[in-house]
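Below: the structure, in structure tokens.
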Amino acid sequence: MKAKLFISLALGLTHAAVAAAKLNVVATFPDFGVIAQAVGGDNIKITTLARGTEDPHFVDARPSFIRVLNQADVLLEGGAELEVGWLPPLLTGARNAKILIDGPGRVVMSRGIRLLGLPTGPIDRSMGDVHPAGNPHYWLDPANGKIMAGQLAEVFSRLDAANADAYRANLKKFSDRLDQKIADWTKALEPYRGVKVVTYHKSYEYFAERFGLSVVGQIEPKPGIEPSPTHITALIPRMKLEGVKLLLIEPNRPRRTPDYVAKATGARLLLLPDKVGAHEKVTDYIGLFDYDVAQIVAALKESK
Ligand SMILES: [Zn+2]
């Protein structure tokens, strides 16, 4: 009896050891998850918390997240206070030292990335600006995808040295592919350099900087603050004066105000996925830019 118990315990441990061989990686957002999958390949298991259709600043923190975080070896978070509104209480509940601040598995994806919109003066949080630590939508510059992938290869290799060669090879493949695609996307958007756009939220600043679009305003008076009649009344004549061609909004936004502004100004309203999963056709990182670039090119061709 004792021997049997011993054997089954030993087998159980072996199974546990085999299961633990795959790094258990949890990503706050799908974009971090798909990049991690490209670098980690079969050696990691990815779970993503927020959906691509959610507003990244106001994620619905479901109780199941606590169990997922409790079992994580690695946590990928955006940083720049992107998850400040929902992640901290979940981490307290998860009681997992590996992924606490300074834990071996805590990865801040913005590391090494030059953030736009860094505050130049004192920050007044009572104003409700959800970008107090700089603009956190940096994954919308595909060149930043290479920086994120580079950090992930480094982290996975440190935590799982046996597969370091595979992580390095996957990183090279991903970066080379991205370089090639960035050249293609840049070429496709080249004829529209300097085209003026207005966005709902400051989601597309990095995309615009990379591909030469000029963002002249937002529907929101400040990031995270609902549009007000005063703001919209001032925005409309400015958009007309500047000759704004496109109004870019995330697919999950309420449509009433954007529809009104588009109608009043003649700008073309374009639903532009800001994340992987924000549209059913956008399922990976390269696909996000393939889709968005094609949408913009098609809209601007028509408006010419
Ligand atoms: Zn934001």
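Of all residues in region 155-172 being in a helix (DSSP H, G or I) and touching a residue at least 60 places away in the same chain (Cβ under 8 Å), which is nearest to Ser110 (Cα to Cα)? Per the criteria, the residue is Val155. Looking at region 72-87, can you tell me whether even one residue there is crowded, with 18+ Cβ neighbours inside 10 Å, modelled with pLDDT of 95 or more, assigned to a helix (DSSP H, G or I) and away from the ligand (no atom under 16 Å from the Cβ)? No, there is no match, as no residue in region 72-87 is crowded, with 18+ Cβ neighbours inside 10 Å, modelled with pLDDT of 95 or more, assigned to a helix (DSSP H, G or I) and away from the ligand (no atom under 16 Å from the Cβ).
Give me the pairs: first residue in region 127-154 and in contact (Cβ under 8 Å) with a residue 12 or more places away in the chain, second residue part of a helix (DSSP H, G or I) and within 12 Å of the ligand (Cβ to nearest atom), beta-carbon distance under 6 Å, and six or more apart or on different chains, which are they? Close Cβ pairs satisfying both conditions: Asn135/Glu205; Tyr138/Tyr206; Leu140/Tyr206; Asp141/Tyr206; Asn144/Tyr138.
Contact annotation: no residue pair with Cβ atoms under 7 Å, 6 or more positions apart or on different chains, pairs a residue in region 244-266 that is under 18 Å from Val215 (Cα atoms) and in the same structural domain as Gly52 (by TED's automatic domain parsing) with a partner that is assigned to a loop (DSSP other than H, G, I, E, B) and of a type in the set (Val, Ile, Thr). Scanning region 75-83 turns up at least one residue that is charged (D, E, K, R), under 16 Å from the mean Cα position of the chain (by Cα) and on the phi > 0 side of the Ramachandran plot. Beta carbons closer than 9 Å, at least 6 apart along the sequence or on distinct chains, pair a first residue in region 195-206 that is within 16 Å of Pro254 (Cα to Cα) and in the same structural domain as Lys263 (by TED's automatic domain parsing) with a second that is of a type in the set (Gly, Ala, Ser) and within 10 Å of the ligand (Cβ to nearest atom) for His201/Gly224; Lys202/Gly117. Scanning region 101-129 for residues that are modelled with pLDDT under 90 and either of a type in the set (Val, Ile, Thr) or within 13 Å of the ligand (Cβ to nearest atom) (or both) yields Thr120, Ile123, Gly128, Asp129.
For region 173-288, which fully contained helices (runs of 4 or more DSSP H) count at least 2 residues that are modelled with pLDDT of 95 or more, out of contact with any Asp or Glu (no Cβ under 6 Å at 6 or more places or on another chain) and basic (Lys, Arg)?
In region 173-288, 229-242, 256-265 are the helices (runs of 4 or more DSSP H) which contain 2 or more residues that are modelled with pLDDT of 95 or more, out of contact with any Asp or Glu (no Cβ under 6 Å at 6 or more places or on another chain) and basic (Lys, Arg).
Could you check, for region 198-209, whether at least one of its residues is away from the ligand (no atom under 16 Å from the Cβ) and closer than 25 Å to Glu302 by Cβ?
Filtering region 198-209 down to residues away from the ligand (no atom under 16 Å from the Cβ) leaves none.
Within region 198-209, none of the residues are away from the ligand (no atom under 16 Å from the Cβ) and closer than 25 Å to Glu302 by Cβ.
Within region 57-64, does at least one residue satisfy the condition of being in a helix (DSSP H, G or I) and modelled with pLDDT of 95 or more? Yes, the conditions are met somewhere in region 57-64. Of all the listed residues (Leu118, Leu100), the sole one being surrounded by fewer than 18 Cβ atoms within 10 Å (Cβ to Cβ), farther than 28 Å from Asn43 by Cα and not assigned by TED's automatic domain parsing to the domain that holds Leu288 is Leu118.
The set of residues in region 217-258 being within 16 Å of the ligand (Cβ to nearest atom) and small (Gly, Ala, Ser) consists of Gly217, Gly224.
Anything in region 167-191 that is among the aliphatic types (A, V, I, L, M) and buried (at least 18 other Cβ atoms within 10 Å of the Cβ)? List them, or say none.
First, the residues of region 167-191 that are among the aliphatic types (A, V, I, L, M): 169, 171, 178, 182-183, 188-189.
Answer for region 167-191, where residues must be among the aliphatic types (A, V, I, L, M) and buried (at least 18 other Cβ atoms within 10 Å of the Cβ): Leu171, Leu178, Ile182, Leu189.
Each residue in region 120-154 was checked for being more than 18 Å from Gly79 (Cβ to Cβ) and in a loop (DSSP other than H, G, I, E, B), and 5 of them qualify.
The values are calculated or read from the model by the stated rules, or taken from the named source; none is laboratory data. Just so we're clear, the structure is a prediction, and the values are computed from it rather than from any experiment. All Cβ positions, even for glycine, are placed from backbone atoms using ideal geometry, and neighbour counts span all protein chains on display.
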